[in-house]
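The values are calculated or read from the model by the stated rules, or taken from the named source; none is laboratory data. Note that the structure is predicted; figures quoted are calculated from it, not measured. Note that each Cβ is placed from the backbone with ideal geometry, even for glycine, and that neighbours are counted across all protein chains shown.
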Amino acid sequence: MTQLAALLFDIDDTLVPTTEFARRARTNAVRAMISAGLELPEELVLRELDEVLHEFSSNYEHHFDKLLMRLRPKSLERVNPALVVAAGVAAYHDTKFLELAPFDDVYPLFRDLKRAGVRLGIVTHGWTVKQAEKLVRLGLVPYLDAKAVFISDQIGISKPNPKLYQLALTDMGLPAEQVMYIGDNPEHDLVPPHAIGMRTVWARRASRHRHEAPNPAADHVIDSFDELRPILKRVYGVPLN
């Protein structure tokens with residue numbers, strides 16, 4: 001039996017249903033823009049916004065401006081475009097502030113793992129300020145080892161480069177076999193850490209890949225963190241209640 005010293009988690013679609021939340025926030029934003037004077041069908045605007053996100057990436061800061069530039073609606077001749085964009089931005093952020101929340105089983109698991117003396121950390125891909133803000137808003141910071149939060153933008157290494165995971169092991173001073181990584185994306189979250197000897201768990205409940213066959217790089221496959229508990233107890237001897 002290999003005794004685990006630490007569990008590292010992905011954030012998006014692993015701890016929080018980010019894809020579902022983002023769709024809800026974008027829908028609220030589009031509806032607010034329509035209410036502010038954008039006289040176009042909601043379905044059309046959402047479809048165009050999806051294209052903007054795909055073409056300019058989710059980290060681009062002016063999605064709604066680009067959206068209006070490509071739509072060129074005649075209705076904007078009668079209203080200030082800046083107010084339409086502001087309505088969308090406000091609705092998006094209101095959704096983020098009010099509705100962003102982790103899966104229900106995250107807090108109980110983190111609480112019990114911390115009580116059991118297991119170090120908890122994050123390895124996530126994305127912009128530093130956005131990923132750090134998520135951790136703060138989700139209320140997860142008190143459970144995390146301060147030296148075990150690794151954000152690709154801050155580190156300068158992006159997923160799926162295994163160097164990101166190796167750096168986490170080095171900074172934590174732990175051998176690979178004593179660290180488990182839990183993520184939703186097989187190619188980004190399972191293959192790289194598995195290749196360097198870490199234990200890997202595919203958390204597939206919100207994964208966009210959940211209908212695929214289990215990747216051979218996954219040591220375990222779960223659909224909730226309640227399913228992870230017996231694995232941690234039985235296979236790795238973690239003293240959970």
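Of note:
- The residue that is nearest to Asp112 (Cα to Cα), among those in region 126-151 that are in contact with a helix residue (DSSP H, G or I) (Cβ under 6 Å, 6 or more places away or on another chain) and either exposed (fewer than 14 other Cβ atoms within 10 Å of the Cβ) or polar (S, T, N, Q) (or both), is Val141.
- Screening Val149, Val136 for residues that are among the hydrophobic types (A, V, I, L, M, F, W, C) and within 26 Å of Val235 (Cα to Cα) leaves exactly one candidate, Val149.
- Test: residue in region 9-19 that is at pLDDT below 95 and closer than 21 Å to Ala132 by Cα: yes
- Among the conditions (1) under 21 Å from His188 (Cβ atoms); (2) small (Gly, Ala, Ser); (3) outside any strand (DSSP E or B), Ala87 misses just one, which is (1).
- Residues that are among the aliphatic types (A, V, I, L, M), out of contact with any strand residue (DSSP E or B) (no Cβ under 8 Å at 6 or more places or on another chain) and closer than 19 Å to Asn59 by Cα, drawn from region 112-161: Val129, Val136, Ile155, Ile157
- Cβ-Cβ distances below 8 Å connect the following pairs, each with a first residue in region 217-240 that is over 22 Å from Ile196 (Cβ atoms), a second residue that is among the polar types (S, T, N, Q) and modelled with pLDDT under 95, and a separation of six or more residues or different chains: Gly237/Gln3.
- Test for Pro192: is it crowded, with 18+ Cβ neighbours inside 10 Å, farther than 21 Å from Gly117 by Cα, without any contact (Cβ under 8 Å) to a residue 60 or more places away in the chain and out of contact with any strand residue (DSSP E or B) (no Cβ under 8 Å at 6 or more places or on another chain): yes
So that you can scan it fast, the table gives a plain yes or no per residue for (1) of a type in the set (A, V, I, L, M, F, W, C); (2) closer than 16 Å to Phe9 by Cβ; (3) not in a helix (DSSP H, G or I):
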residue: Tyr165; (1), (2), (3): no, yes, no
residue: Glu177; (1), (2), (3): no, no, no
residue: Asp189; (1), (2), (3): no, yes, no
residue: His194; (1), (2), (3): no, yes, no
residue: His209; (1), (2), (3): no, no, yes
residue: Pro214; (1), (2), (3): no, no, yes
residue: Asn241; (1), (2), (3): no, no, yes
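- Counted residues, region 50-66 - those being in a helix (DSSP H, G or I) and either among the small types (Gly, Ala, Ser) or over 14 Å from Ala32 (Cα atoms) (or both): 10
- Residue list for region 6-49, restricted to those being under 25 Å from Asn185 (Cβ atoms) and not in a helix (DSSP H, G or I): Ala6, Leu7, Leu8, Phe9, Asp10, Ile11, Asp12, Asp13, Thr14, Leu15, Val16, Pro17
- Search result, residues across region 195-216 that are among the small types (Gly, Ala, Ser) and without any contact (Cβ under 8 Å) to a residue 60 or more places away in the chain: Ala195, Gly197, Ala213
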